[in-house]
Amino acid sequence: MPTDQIFIKTNRFLFGRWGFLAGLLSGLVVMIGSRYWPFDHDPDGWAGLGQWFGGLGAFFAAWAALRISRKETTRENRREWEQARVQAFYVKVSQVQVASQGVRVQIENRGESPIIEVDVAAIHVHLPSEDRKILCRATDGKRSVLLREDAPWEPWALPDDGRLQETIADIEASGGNTEIEVVFEDVGGTKWRRIGSQPPEQIRS
């Protein structure tokens, strides 16, 4: 955050709602100092009190600047996270077809930034009686980078347990009511999970 902005916000802080408290404390310091400071014995007593009071003011100013800077850092981190989440919304995931080779998946990046380490994680089958999550993998492994200008990545997904025919039977029984789960990273290193058209979720380590 630029120094001039911190200076302006510090002044607003000091002379705003917290300024009243600072002024009250300063008044108490002057009252207590004038009562107990050894003015009768030390001709420089007022000067010493002024220096002490100036140090207190500098402490308040430094504390206010630090507090404002931390708030701005928190806001900036939040803005960056929101931007990354918006980018994750541009990752489109769909099922193209089901065949003897497996389940064909289409993954497209419509955002401005690339996504990396793109992987097919699971097939979610919504049956009338239950929902099933079938862990799977892409036949050609992860996609290292997927750019906006690239054609959609269309790998075949195979169940990890090898039960392909049972998976195909479940998908047919669901009437095609399935969702593909993919995981990927953005350029900032944040990991995301998206299931079909559901909102993306951050994967926390």
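The values are calculated or read from the model by the stated rules, or taken from the named source; none is laboratory data. Quick caveat, the model's predicted, so the values are computed rather than measured. Every residue, glycine among them, receives a Cβ derived from its backbone with ideal geometry; neighbour counts consider all protein chains shown.
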* Do the conditions hold for R110, that is, is it at pLDDT below 95, touching a Phe, Trp or Tyr at 6+ places or on another chain (Cβ under 8 Å) and among the charged types (D, E, K, R)? -> yes
* Asked: Say we look at the stretch 92-120 and pick out the residues that are among the acidic types (D, E) and part of a strand (DSSP E or B); which of these is surrounded by the fewest Cβ atoms within 10 Å (Cβ to Cβ)?
  -> E117
* Take the stretch 122-152 and flag every residue that is crowded, with 19+ Cβ neighbours inside 10 Å and not small (G, A, S). => I123, V125, I134, C136, R143, L146
* Structure fact -> Of all strands (runs of 3 or more DSSP E) fully inside the stretch 121-205, the set with 2 or more residues that are free of Cβ contacts under 8 Å to residues at least 24 places away in the same chain is 131-138, 201-203
* To do: Considering every residue within the stretch 66-87, establish whether at least one is farther than 30 Å from Q198 by Cα, modelled with pLDDT of 60 or more, of a type in the set (A, V, I, L, M, F, W, C) and under 31 Å from the mean Cα position of the chain (by Cα).
  => yes
